[in-house]
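Nothing in this text is a laboratory measurement; each read-out follows from the coordinates by a stated rule. This structure is a prediction, so every number in the text was calculated from the model and none was measured. Note that we place each Cβ from the backbone using ideal geometry, even for glycine, and neighbour counts take in every protein chain shown.
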Number of protein chains: 2
Amino acid sequence: MRIGELAKKLDLPTSRIRFYEARGLLKPGRNLNGYREYPDDAAATLRLIGDAQRLGFTLSEIREGLAKAVSNRPSPGAVRVALTSKLAIIDRHIKEASARRREILRLLKDLENCE
Amino acid sequence: MRIGELAKKLDLPTSRIRFYEARGLLKPGRNLNGYREYPDDAAATLRLIGDAQRLGFTLSEIREGLAKAVSNRPSPGAVRVALTSKLAIIDRHIKEASARRREILRLLKDLENCE
DNA sequence: CTACACCTTCAACCTAGGTTTAAGGTCAAG
DNA sequence: CTTGACCTTAAACCTAGGTTGAAGGTGTAG
């Protein structure tokens, strides 16, 4: 599959797919004419990248994860460590956002009292 | 007060204070020698900027808010609109983070079952 | 007079995650 | 042979929020 078809299938710009490759997340083969040739599972990899980003992983972290996944099949332990540390980050995130939320509610309440 | 003293008082680099000025958030006076001279309330303004950032406002939004605050005293209505729309953004944020959290917990559970 | 701390500006650099543009190669159809 | 769609690369540009460095002025103490 060439890059245009892959991009269309996943509805993302070709530039982003090349960008991920530049960041080391993908390593497509090449046709005789130099065109990138993607295996069928490239779509799944790209979806995985999107999912991981949504879970809060950076492209560097995803690159490392993918590298381990291809080399020596990731140990469930390593995956658990990664997920657990990300969970802690998200928890902190939620706590901070909740604090901001309370603060804004307080400000809105103050505002009511002075109108 | 000069920039160094102000920076020390708030424990932030002078570069950041100049950066905020470049973004239009501060407009200090100048001494005869060209040094920036800050009124006492500059510290409060800088704290306000920090608070607003923590509440999720961008520097542009804060600049607009400060501009309205000095020109024609912000109407409580305008402030409420700003806070309410920010509240909606934070709520969405929290919802998304919670969804990510659940997803990670699910993955961790799956991991337990396959160990 | 010399040090030294403090101040100035402007421009370059940084991370993160991309998009846009320029210049050019490939390939099938008409 | 030309046109158009598709592909290539490198480099520039973008937002957001800054930091860093170079080159030089100011002010005070010894």
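What Kirkwood radius, in Å to one decimal, follows from the Cα pairs of the stretch B:59-98? It would help to have the intermediate numbers written out before the result.
Values: mean 1/r = 0.0892 Å⁻¹.
Mean inverse Cα-Cα distance, inverted, gives 11.2 Å.
Taking amide H atoms as placed 1.01 Å from N in the peptide plane, the amide H of A:GLU37 lies under 5 Å from those of A:GLY29, A:ARG30, A:ASN31, each 5 or more residues away in sequence or on another chain.
Could you give the size of the charge dipole of the protein assembly as shown about its Cα centre, using +1 on the Cβ of each K and R and -1 on the Cβ of each D and E, expressed in debye and rounded to the nearest 20? Spell out each step's value before the answer.
On the way: 46 positive and 30 negative charges, 54 e Å.
Rounded to the nearest 20 debye, it is 260 debye.
In nanometres and ascending order, the distances from the B:PRO76 label point to those of the other copies are 5.9 (point 7 Å from Cα along Cα→Cβ). Quick note on the protein assembly as shown: its Rg to Rh ratio, both from C-alpha atoms and Rh being the Kirkwood radius, is 1.11.
Global size of the stretch B:1-56: 11.0, 38 Å for Rg and Dmax (C-alpha atoms, Rg to one decimal, Dmax whole). Can you tally the net charge around B:LEU10? Count Lys and Arg as +1, Asp and Glu as -1, for every other residue whose Cβ sits under 11 Å from the Cβ of B:LEU10. Computed value for this residue: +2. Structure note, pairs A:LYS8/A:LYS86; B:LYS27/B:LYS86; A:LYS9/A:LYS68: Cα-Cα distances above 29 angstrom occur for A:LYS8/A:LYS86.
Taken about its Cα centre, chain B carries a charge dipole of about 300 debye when Lys and Arg each add +1 at the Cβ and Asp and Glu each add -1 at the Cβ. Sorted from closest to farthest, the other copies place their B:LEU32 label points 8.3 nm away, with each point set 7 Å from Cα along Cα→Cβ. Label sites at A:THR84 and B:ARG16, each approximated as a point 7 angstrom past Cα along Cα to Cβ, lie 3.3 nm apart. All Cα-Cα separations within chain A were binned at 10 Å from zero, giving a P(r) of 11, 32, 23, 16, 10, 6, 2, 0, each value a whole percent of the pairs.
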